[in-house]
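Here is the structure we will look at, set down as structure tokens.
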Amino acid sequence: MSEPLRLGIAGLGTVGVGVVRIIRQQAALLEARTGRKITISAVSARSKDKDRGVPLSDYGWEDDPVALAKRDDVDVFVELMGGDEGPAKDATEAAIAAGKDVVTANKAMLAIHGQALAEAAEAAGRVIRYEAAVAGGIPVMKALTEGLAGNDISRVMGVMNGTCNYILTQMQATRQGYNALFAEADKLGYLEADPNLDVGGIDAGHKLALLASVAFGTQVNFDGVELEGIQNVTLEDIDAAHDMGYRIKLLGVAQMTGRGLEQRMSPCLVPSTSPLGQLEGGTNMVVIEGDAVGQIVLRGAGAGEGPTASAVMSDVIDIARGLRLPTFGQPATTLTTARPALAAVAAPYYLRMQLVDKPGALAKVAAVLGDAGVSIDRMRQYGHQDTAAPVLIVTHKTTRTALDEALAGMDKSVVQGDPVAIRIEEVD
């Protein structure tokens, strides 16, 4: 029997406690599946005296996570503190320098510092594993780096923030507006300490940047992700989209184009009948498209103690088994620097606008769209509201540049207020 694999766990929040619980409750199963014991040497957190619901007296304690990372009785440093700077980054760097492998759930740290950390780890013969950083319990990083490694990936997309999906689906189900559902999500504990990480698309953008790096063999580039949150999505848009056969999702899309790497995290319309369109509540879904395999759909819990701790343990188990892969699927020094796409791939768009009740208003709108090269696929006009009438338009494929040109040229004498434009992502 091999020597035990000894862990040092920094961060005893929901996920850290979940990892401790799995190791304590599933010791025999873990040993049977890896051929060696998995043990915890020491832990670290902000407060030593807090009751976390699991026994911790069997383990050493370090107030400083950097000291934990350097301990001689730690083989794998498990970083579950979070944050792109500060103790998490310092301790991770210390662990690599001390010859430890690293398992982390820290999407922000890797999205911003991943290239430098990967190069340092690989130069030292160490591995960084981060299944828990992307889509919780869904094994998407393992799918990309192992199961689909023989594929040329054309597109990766998904709903990767459960809080946003909860708010959007509850808006439709309960007829409440964004502000009311935001308050409810906060009360239920679904929001980060900084809510903009969730509703602003930042959290999901970090995940998309990591997926794109592995999918396309590029250096992780969070700065290249176009971000738009869900704060401006209205109940009116959700209803109108439903009427046209769509649902609104905060959707991440990454694809390599002739203009460069496109990375978008923004509200999009998807067909109501598609797997993404049917995704409810806080569930996550990642869709991967490869040349050999076609389309793969992965669905599951994107957060929470059990699912995220499960993902952490999958990485620990791989290390215990001796599986050692480069951080981003290929040696960090071979990753290319992708040029951010200057313009999104052409797509249909949903437009909602209020037309002033006067003859020829709709004809003027159609003319402006046509002059910009934007053609109308279908249109729906509703009953008048005071002096204006709501109009919904679905365009044929067009670029956002052409659409913005058309919207800027709309005659304010016939269009009341600012038109709403949301991209329609074509998915099966």
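The values are calculated or read from the model by the stated rules, or taken from the named source; none is laboratory data. None of these values were measured; they are calculated from a predicted model. Note: ideal-geometry Cβ built from the backbone for every residue, glycine included; neighbour counts use all protein chains shown. Keep in mind that these areas ignore ligands, DNA and RNA; they rest on the heavy atoms of the full protein, side chains included. Shrake-Rupley method; radii C 1.70, N 1.55, O 1.52, S 1.80 Å.
Tabulated data for the structure shown
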{"item": "Hits in the stretch 367-402 - residues which are at pLDDT 90 or above, loosely packed, with under 15 Cβ neighbours inside 10 Å and farther than 19 Å from L269 by Cα", "result": "A367, G370, D371, G373"}
{"item": "Extreme residue, nearest to the chain's Cα centre (by Cα), among residues of the stretch 8-38 that are under 18 Å from A69 (Cβ atoms) and part of a helix (DSSP H, G or I)", "result": "V15"}
{"item": "Per-region count, the stretch 39-69, residues assigned to a helix (DSSP H, G or I) and either in contact with an Asp or Glu (Cβ under 9 Å, 6 or more places away or on another chain) or on the phi > 0 side of the Ramachandran plot (or both)", "result": "4"}
{"item": "The listed residue being in contact with a Leu (Cβ under 9 Å, 6 or more places away or on another chain), surrounded by fewer than 22 Cβ atoms within 10 Å (Cβ to Cβ), touching a residue at least 12 places away in the same chain (Cβ under 8 Å) and closer than 26 Å to L210 by Cβ, out of Q255, Q263, Q231", "result": "Q255"}
{"item": "Subset of the stretch 329-366 that is free of Cβ contacts under 8 Å to residues at least 12 places away in the same chain and either over 30 Å from V270 (Cβ atoms) or not small (G, A, S) (or both) - its residue that is least open to solvent (accessible area, probe 1.4 Å)", "result": "A363"}
{"item": "Close pairs (9 angstrom Cβ cut-off, 6 or more residues apart or separate chains): within 12 Å of Q231 (Cβ to Cβ) and in contact (Cβ under 8 Å) with a residue 24 or more places away in the chain in the stretch 176-188, in a loop (DSSP other than H, G, I, E, B) and open to solvent by less than 60 Å² (accessible area, probe 1.4 Å) anywhere", "result": "G177/T234; Y178/I230; Y178/V233; Y178/T234"}
{"item": "The stretch 193-238 - residue that is outside any helix (DSSP H, G or I) and polar (S, T, N, Q) and, of those, nearest to T174 (Cα to Cα)", "result": "T234"}
